[in-house]
1. Using 7 Å Cα-to-Cβ label points, what is the Arg187/Asp34 separation (nm, one decimal)?
2. Report, largest value first, the span of the C-alpha coordinates of the stretch 47-204 along each principal axis, in whole Å.
3. Between rounded, prolate and oblate, where does the stretch 291-334 land on the alpha carbon gyration tensor, with a ≥ b ≥ c its root eigenvalues, rounded for a/c under 1.5, else prolate if a/b exceeds b/c?
4. Cross-link candidates for Lys30: which lysines have Cα within less than 25 Å, leaving aside residues fewer than 8 places away along the same chain?
5. Please compute the net charge surrounding Ile138, taking Lys and Arg as +1 and Asp and Glu as -1 over other residues with Cβ under 15 Å from its Cβ.
6. Below 8 Å, C-alpha to C-alpha, sequence gap of six or more: please give me the relative contact order for the chain in percent.
7. Based on DSSP H runs of at least 4 residues, each adding -39500 (n - 2.57), what is the mean residue ellipticity at 222 nm of the chain after dividing by all its residues, to the nearest 500 deg cm²/dmol?
8. Considering only DSSP states other than H, G, I, E and B, which trypsin sites (Lys or Arg not before Pro) in the stretch 237-291 qualify as loop sites with at most 12 other Cβ atoms within 10 Å?
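All of the numbers you see were taken from the coordinates with simple rules; none came from a lab. The shown structure was predicted, so the numbers you read here are calculated from the model rather than taken from an experiment. Cβ placement follows ideal geometry from the backbone for every residue including glycine, while neighbour counts extend to all protein chains displayed.
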Amino acid sequence: MLRNILLSLWICLAAGAQQRPEGRHLANLKKLTDGGQNAEAYWSPDGRRLIFQSTRPPYQCDQIFIMNADGSDQRLVSTGKGRTTCGYFLPDNRHIVYASTHEDSPACPPPPDRSKGYVWGVFPGYDIYLADDAGKIIRKLTNTPGYDAEATVNFRTKTIVYTSLASGDLELWTMKTDGSGKRQITRREGYDGGAVFSRDGKKIVWRATAPDNAQAMQRYRELLKENLTEPMRMELFIADADGRNVRQLTRTGCAAFAPTFTPDGRRVIFSSNLHNCDGRKFELYMINIDGTGLERLTFFDGFVSFPEFSPDGRKLVFSSDWQAKSRYEFNIWVADWVD
């Protein structure tokens with residue numbers, strides 16, 4: 001399998017030498033934000049709006065915003081306090097969920113110690129909240145010690161999947177949109193997160209600490225004690241929506257994260273640095289759900305991540321530093337999907 005993946009990679013890289021930055025699957029690129037750090041944009045069920053997280057003045061760390069699908073009418077919908085992540089619409093198109101630390105402290109939590117490398121903070125103050133699309137919080141959906149975040153929603157089954165430290169390890173859980181029916185669906189040591197459902201709600205795909213990498217697993221244990229995790233040695237896994245029949249989807253030895261199913265559920269698009277494992281330049285790749293057919297999609301020579309298809313399957317939204325005017329600027333882009 002690994003040999004086939006590497007062979008496909010080299011073929012794609014060779015073919016990509018003459019490619020446009022957006023590759024052959026994306027067309028009519030449009031930038032929806034301009035300045036700041038904007039990421040994780042996800043569609044409303046009707047395809048008319050996007051919810052995303054952004055660090056922009058006057059806020060010192062990520063807050064949740066909603067905008068129209070053309071980038072207009074960008075407005076804050078989180079509290080403006082603490083730090084937030086992973087906003088997502090509910091099936092009714094009028095409510096949202098997101099994770100926030102604002103009840104733990106109104107100040108931004110200290111950023112991760114970069115002397116430890118490229119690490120992410122899994123801040124224990126995070127809990128998941130249900131709010132209306134004007135920003136009024138309806139209820140708190142999680143209330144356990146430690147990290148609860150990374151919620152995404154399946155519009156058909158009305159089920160939320162999220163990452164929680166409730167068991168003592170970073171595992172995937174599911175719950176109903178009112179916070180009831182919580183259920184742990186992964187039970188393997190290591191980080192499990194960034195999960196999304198297929199459109200029919202029958203499968204999930206997520207990122208996880210590489211299980212056959214003893215060094216990565218030991219590093220995971222050490223960092224978790226400091227509420228940190230490292231994304232540079234993660235692989236993708238796929239399973240039934242209840243966590244059964246787990247299969248490892250990628251074996252890159254690099255970083256793979258931000259997966260999303262194609263509308264037909266037969267392929268997964270994800271972000272990876274597998275063209276340069278030790279680098280921090282990430283591009284979009286696509287792979288069949290059986291692990292074959294790896295294809296590199298983008299050639300921006302920077303950071304490209306967080307892809308998601310519009311409800312009608314015609315557009316792909318993603319975050320990138322392409323054409324950024326300053327360091328650490330990331331913008332939300334949308335493009336037509338050419339299959």
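1. For Arg187 paired with Asp34, the spin-label model returns 5.4 nm.
2. Over the stretch 47-204, Cα extents along the principal axes are 42, 42, 27 Å.
3. oblate
4. Output for Lys30: Lys281, Lys315, Lys325.
5. On the way: positive: Arg94, Lys136, Arg139, Lys140, Lys176; negative: Asp92, Glu103, Asp127, Asp132, Asp133, Asp178.
Net of charged neighbours comes to -1.
6. Relative CO of the chain lands at 17 percent.
7. On the way: 2 runs with 26 residues, N = 339.
Estimated from H runs of four or more residues: -2500 deg cm²/dmol.
8. Those satisfying the criteria are Arg244, Arg266, Arg280.
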